[in-house]
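What follows is a set of notes on a single structure, which appears directly below.
Just so it is clear, none of the values below were taken in a lab; they were calculated from the coordinates. Only a predicted model underlies this, so the values are computations on that prediction, with no experimental measurement involved. Cβ sites come from the backbone with ideal geometry, for glycine too, and all protein chains shown count toward neighbours.
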Amino acid sequence: MKEVAVIGIGMIDWGELWEKSLRTIAVEAALKCFADAGVDKVDTITIGCMSGGLFNNQEHLGSIVPDYLGQRFVPATRVESACASGGLAVRSAFLEVASGMAEYALAIGVEKMTDVDGGEATFALATAADQDYEAFHGITFPGLYAMMANAHMFKYGTTLEQLAQPSVKNHFNGSMNPHAQYPFKVSLEQVMNSTKVADPLRLLHCSPITDGAAAVLLAPVEKAKEMNKPYVVITGVGHASDTIALAQRQDLYSLKAVEVAAQRALKMSGKTIKDVDFAEVHDCFSIAELMVMEAIGVVEPGQSGAAVMNGLTALDGDFPINPSGGLKSKGHPVGATGVAQVCEAVSQLRGESGKRQVKNAKTALTQNMGGSGASSVVHILEARS
Amino acid sequence: MKVPRHWRETPQRYRMEAGKCSKCGSIQFPGRVICPDCGATEMETVKLSGKGELASYTVIRVAPTGFTDLAPYAVGVVQLEEGMRVMGQVVDCDPDNLKIGDRLTTQFRRINEEGKTGMILYGFKFVPDLGL
């Protein structure tokens with residue numbers, strides 16, 4: 001298997017992009033990526049998108065994206081694993097380069113969510129759950145994570161303050177991210193007194209509905225060396241699935257697919273979590289960040305709440321999590337999130353993250369998650385010069 | 001939504017029929033072709049008691065389409081006596097007073113209506129088990 005480098009990243013400003021279409025934002029992110037890499041023609045394109053069909057009545061992204069990106073006749077594939085579609089796109093592009101099938105493999109993540117109203121968006125997102133045995137009963141995605149939060153609080157004594165702290169931290173980091181949808185700080189009191197959504201989760205525990213896109217260009221490491229500048233190598237890729245229905249998991253207070261994916265990625269890279277300097281994780285809801293910390297091994301099960309209060313995961317902590325602002329502040333255009341996590345990791349590892357730069361960042365972990373933890377993709381990235 | 005999608009789930013939704021593995025005895029709801037515990041493919045149909053303990057729950061304040069007139073309402077994951085967990089609404093109680101471990105049983109209820117001209121959907125909901 002060939003060693004695979006990230007030779008370009010492209011992020012656009014995320015938000016409610018009323019004036020732009022699905023194809024437009026996908027192309028804008030890809031063009032920024034091309035400019036970063038100094039490449040304008042690729043061998044293959046993978047597009048991570050959860051539901052162009054339900055959000056935009058537009059499927060067949062494997063044609064429309066290369067068409068509008070000036071890459072006609074280039075093979076393009078749309079991949080889907082709910083909110084982990086972006087991470088899956090990066091993994092798929094990785095496999096193309098690692099196998100020797102392609103030299104330049106572009107992965108684009110995109111979701112254009114504000115073309116429908118809130119109810120339709122909630123419905124579209126709920127298709128990532130079990131339609132016949134979960135959504136049928138009137139459960140929502142905040143509701144699924146709320147049940148995990150209640151189970152975690154019951155099992156480990158996790159408090160409401162601890163549940164709110166990831167949002168405070170992530171908004172602080174996101175206030176320094178020019179691409180973030182909500183680049184402002186929030187206080188613990190604001191989070192804990194925000195509108196109730198699904199008990200115990202409130203509005204400021206939840207990631208928003210976002211339009212956004214991100215792109216990364218992968219190539220064999222020899223190509224990266226030719227560029228004569230610092231580059232980043234993907235040394236570990238882990239991917240795992242679990243039951244689609246929350247009720248059928250081994251328990252309600254842990255994320256087994258995340259644990260398995262992280263173990264696979266770390267094993268492949270020959271590292272342990274102690275070798276990792278920071279992580280971008282899937283904080284679709286604040287409880288998810290706490291449970292992911294435990295699943296990837298940053299802390300022991302049940303210790304995440306205390307650790308986040310103690311500043312372990314702050315930007316200047318021993319293990320910074322979500323320096324980008326995470327899904328909470330940066331936004332969560334579902335199919336784009338996994339690609340944007342890799343963009344942030346690369347930006348940090350290249351030392352280009354400005355005010356939110358993690359000090360001495362050499363090794364990063366990105367963790368993307370589908371549904372209520374029913375699938376997860378983890379990448380390990382390392383700086384090289 | 002088309003009628004067959006609901007009609008084919010009738011055994012599970014109306015009667016809580018589950019699949020029991022003939023080899024290892026594990027019970028799955030809904031039933032499956034392959035036992036996820038041992039891989040066997042011989043499954044028999046069993047009817048669940050519908051009784052169990054609340055494993056976790058939430059109170060939905062922002063409801064999806066079709067459920068807005070019910071909000072706020074509780075949805076729970078219930079650990080049934082047969083050993084597996086099942087999701088459903090928890091009704092006939094104050095959702096703010098629910099606790100993990102509460103004893104619940106099931107009743108046949110209306111779940112929602114698909115608009116003014118659509119189907120009326122039925123299934124099970126959980127209610128407090130008063131031991132009656």
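For peptide B:86-98, how many partner chain Cβ atoms fall within 10 Å of a residue's Cβ, on average?
Working: counts 5, 15, 7, 3, 0, 0, 0, 0, 0, 1, 1, 0, 2.
Going residue by residue through B:86-98 and averaging, the value is 3.
Aspartates and glutamates within cross-link reach of B:LYS51: Cα-Cα under 20 Å, excluding same-chain residues under 8 positions apart?
In chain and number order, the partners are A:GLU134, A:ASP251, B:GLU17, B:GLU81, B:GLU82, B:ASP92, B:ASP94, B:ASP102, B:ASP129.
Output the pairs from A:LYS2/A:LYS274; A:LYS185/A:LYS229; B:LYS2/B:LYS125; A:LYS155/A:LYS185 with a Cα-Cα distance over 28 Å in this structure; if there are none, say none.
Working: A:LYS2/A:LYS274 26 Å; A:LYS185/A:LYS229 34 Å; B:LYS2/B:LYS125 23 Å; A:LYS155/A:LYS185 31 Å.
Violating the 28 Å limit, Cα to Cα: A:LYS185/A:LYS229; A:LYS155/A:LYS185.
To the nearest 0.05, what FRET efficiency results for A:LYS20 and B:GLU17 with a Förster distance of 56 Å applied to their C-beta separation?
Values: r = 49 Å, r/R0 = 0.88.
In this case the efficiency is close to 0.70.
Counting every Cα pair in chain B, what percent are over 28 Å apart?
Working: 1936 of 8646 pairs.
Distances greater than 28 Å cover 22 percent of the Cα pairs.
Considering only DSSP states other than H, G, I, E and B, which trypsin sites (Lys or Arg not before Pro) in segment A:41-87 qualify as loop sites with at most 15 other Cβ atoms within 10 Å? Mind showing how you got there, number by number?
Working: sites: A:LYS41, A:ARG72, A:ARG78; in loops: A:LYS41, A:ARG72.
Answer in residue order: A:LYS41, A:ARG72.
Relative to a virtual label point 7 Å from the Cα of B:PHE108 in the Cα→beta-carbon direction, which members of segment B:2-19 show backbone nitrogen distances below 19 Å?
B:6-18
Give me the mean projected area, in nm² to one decimal, of the convex hull enclosing the Cα positions of the protein assembly as shown. Display every interim value, and only then the final one.
Values: hull surface 94.9 nm².
Over all viewing directions, the protein assembly as shown projects a mean Cα-hull area of 23.7 nm².
Determine, for A:GLU19, A:GLU226, B:GLU113, the number of other Cβ atoms within 10 Å of each Cβ, and report the residues in order from fewest to most.
Numbers: A:GLU19 6, A:GLU226 10, B:GLU113 13.
Least crowded to most crowded, the residues run A:GLU19, A:GLU226, B:GLU113.
Any aspartates and glutamates with Cα under 13 Å of the A:LYS330 Cα? List them, leaving off those in the same chain fewer than 8 positions away.
The qualifying aspartates and glutamates are A:ASP13, A:GLU16, A:ASP211, A:GLU280, A:ASP283, A:GLU344.
Roughly how compact is segment A:187-261, stated as its Cα Rg over 2.2 N^0.38 Å to two decimals?
Rounded to two decimals, the normalised Rg is 1.77.
Compute the Cα gyration tensor for segment A:36-97, then decide on rounded, prolate or oblate, letting a ≥ b ≥ c be the square roots of its eigenvalues: rounded whenever a/c is under 1.5, prolate when a/b is larger than b/c in the other cases, and oblate in all that remain.
Numbers: a/c = 2.16, a/b = 1.27, b/c = 1.69.
Because a/c hits 1.5 or more and a/b fails to exceed b/c, segment A:36-97 counts as oblate.
Could you pull out every Cys in the protein assembly as shown that lacks a partner Cys with its beta carbon under 4.7 Å away?
A:CYS33, A:CYS49, A:CYS83, A:CYS206, A:CYS284, A:CYS343, B:CYS93, each lacking another Cys Cβ under 4.7 Å.
Between A:MET1 and A:MET101, what is 0.36 nm times their sequence separation minus the Cα-Cα distance? Round to one decimal in nm.
Details: separation 100, 0.36 × 100 = 36.00 nm, distance 1.09 nm.
Full extension of this stretch gives 34.9 nm more.
Full extension from A:THR77 to A:LEU203: what is 0.36 nm times the residue separation minus their Cα-Cα distance, to one decimal in nm?
Value of the extension gain: 41.9 nm.
Among A:ARG91, B:ARG61, B:ARG8, rank each residue by its count of other Cβ atoms within 10 Å, from fewest to most, as a rough exposure measure. Walk me through the intermediate numbers first.
Numbers: A:ARG91 25, B:ARG61 21, B:ARG8 10.
Final ranking by Cβ density, sparse to dense: B:ARG8, B:ARG61, A:ARG91.
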